[in-house]
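These notes are about the structure you will find just below.
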């Protein structure tokens, strides 16, 4: 230590001679360093750190790993959503490559379950006469299989997000790291690498059950509800002036209306008129703004649209997707849709004809608009639906004989009456241009409204000022150019 101190003092004169030059250099380097730091993200640690969650990983052989899970640094899950694989018409499969790869991190996931998409056995093989051009030309090229069969399992994954959205698809292979935690002491133990694969291949002689694969990832903490909270910039629509005929009951008085129940103004006034004629106390209410609803454009999953504390209207999207928007205006649901998609041309009439033939339990259906892609091979349709009960008396008798009509699948409202619902939905079809047949790929519903059996089905429509919806810099720009 003294020798080093002496040497430092011996060279002190040399250091002083060059101190000004060194100081100048250090100053320049410091300025460059500061400039570089200003160009970097403010939260550099947040941009590069791994997302960690508490979870239990279940394997098909009964093994479980309980601890802290994380993906490789800089990696997210990637999933390609699946359509309805049973979409066949007249033995012709209607295929669509509309599905895009979706990426998400661990922070927005509640649960992941895995199941087999398909299974098959194969044998190893080699080509005979593969390099013999003469033999191959005259049929001498042969495939020789050998050894025991080995299993191949391709998996699909159903992801339940914290927002409630559920997507099923093929998950890209990823390495998941699980650090075991002692529940008593909290000490971290070994870190285990688990491969989350889209395809598992067993060894020759194995059966499907012998191939150990991941079965479920059960997250124990909350995580984030949404990946993005995107503000909406309305260019031809005024959200705050959205008229509504809905009211919320604050005091039910002598009425049979439910406290905090939401009714139309006409319904409440009718009840209050009867109560007053009987000398009772009428219900009190305040205006209730239903607002807007959203469906993702890719997966038709419902997203939340609401006003934030700062006054902005925001869409909370799990995967940060673009959306379709709908609003309830005076009891009538209307959706943003391109005007050209409502023209009753030949394609519209063809889709409408096939849509009315679709077998489901909706017996009142109406096609409101279409969006065609891939020369009519993919159709996105805006539809209104109602399931009318054909025999209300028999249905009510059945519902009274079972617990809330569970046996007959009839729904009843809080007042005990049978309820029918109408809804504004978007359905997506694969279409065969030759036969004009369609098959349902996906469907999503903006909202459903309860109706008394005797009520007429309200009209639904299209609102041009809610179209188009364009994503730009994590903002949704809705409607035409600002004037």
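The values are calculated or read from the model by the stated rules, or taken from the named source; none is laboratory data. Fair warning: this is a prediction, and the values are worked out from it, not measured in the lab. Methodologically, a virtual Cβ is constructed for each residue, glycine included, from the backbone with ideal geometry; neighbour enumeration extends over all protein chains shown.
Identify the residue in the stretch 253-293 that is in a strand (DSSP E or B) and in contact (Cβ under 8 Å) with a residue 60 or more places away in the chain and, among all such residues, is nearest to residue 327 (Cα to Cα). The residue in question is 293.
Listed by first and then second residue, the pairs linking a residue in the stretch 423-450 that is outside the structural domain of residue 383 (by TED's automatic domain parsing) and free of Cβ contacts under 8 Å to residues at least 60 places away in the same chain to a residue that is crowded, with 18+ Cβ neighbours inside 10 Å and assigned to a loop (DSSP other than H, G, I, E, B), with Cβ atoms under 7 Å apart and 6 or more places separating them unless they lie on different chains, form an empty list. When residue 318 is tested against (1) touching a strand residue (DSSP E or B) at 6+ places or on another chain (Cβ under 7 Å); (2) in the same structural domain as residue 385 (by TED's automatic domain parsing); (3) surrounded by fewer than 18 Cβ atoms within 10 Å (Cβ to Cβ), exactly one condition is not met: (3). Reported count of residues in the stretch 462-476, each being crowded, with 17+ Cβ neighbours inside 10 Å and part of a strand (DSSP E or B), is 4. Take the conditions (1) part of a loop (DSSP other than H, G, I, E, B); (2) within 25 Å of the chain's Cα centre (by Cα); residue 160 misses just one of them, which is (1). In this structure, residue 223 does not satisfy being surrounded by 16 or more Cβ atoms within 10 Å (Cβ to Cβ), at negative phi and under 30 Å from the mean Cα position of the chain (by Cα). So, in the stretch 340-366, exactly how many residues are more than 15 Å from residue 387 (Cα to Cα) and touching a residue at least 12 places away in the same chain (Cβ under 8 Å)? Count: 10.
Residue 212 satisfies every condition listed in (1) modelled with pLDDT of 85 or more; (2) under 30 Å from residue 115 (Cα atoms); (3) surrounded by 14 or more Cβ atoms within 10 Å (Cβ to Cβ) except (3).
So for the stretch 160-177 (the condition being surrounded by fewer than 16 Cβ atoms within 10 Å (Cβ to Cβ) and over 30 Å from residue 322 (Cα atoms)), does at least one residue qualify? Within the stretch 160-177 (the criterion being surrounded by fewer than 16 Cβ atoms within 10 Å (Cβ to Cβ) and over 30 Å from residue 322 (Cα atoms)), the answer is no, since none of the residues qualifies. Could you grab me the full set of residues in the stretch 262-274 that are at pLDDT below 85 and surrounded by 18 or more Cβ atoms within 10 Å (Cβ to Cβ)? Within the stretch 262-274, just 263 meets the criteria.
Residues of the stretch 376-405 that are crowded, with 18+ Cβ neighbours inside 10 Å and modelled with pLDDT under 70: 399, 405.
Any residue that is under 30 Å from residue 287 (Cβ atoms), assigned by TED's automatic domain parsing to the domain that holds residue 422 and outside any strand (DSSP E or B) - is there at least one of those in the stretch 338-358? Scanning the stretch 338-358, I find no residue that is under 30 Å from residue 287 (Cβ atoms), assigned by TED's automatic domain parsing to the domain that holds residue 422 and outside any strand (DSSP E or B), so the answer is no.
Among residues belonging to the stretch 228-252 that are part of a loop (DSSP other than H, G, I, E, B) and more than 14 Å from residue 286 (Cβ to Cβ), point out the one that is modelled with the lowest pLDDT. In this case the residue turns out to be 243.
Within the stretch 340-357, identify whether any single residue is on the phi > 0 side of the Ramachandran plot and within 27 Å of the chain's Cα centre (by Cα), and answer yes or no. The answer is no; no qualifying residue exists. Tell me, which residue of the stretch 37-71 that is modelled with pLDDT under 85 and in a loop (DSSP other than H, G, I, E, B) is nearest to residue 440 (Cα to Cα)? This residue is 51.
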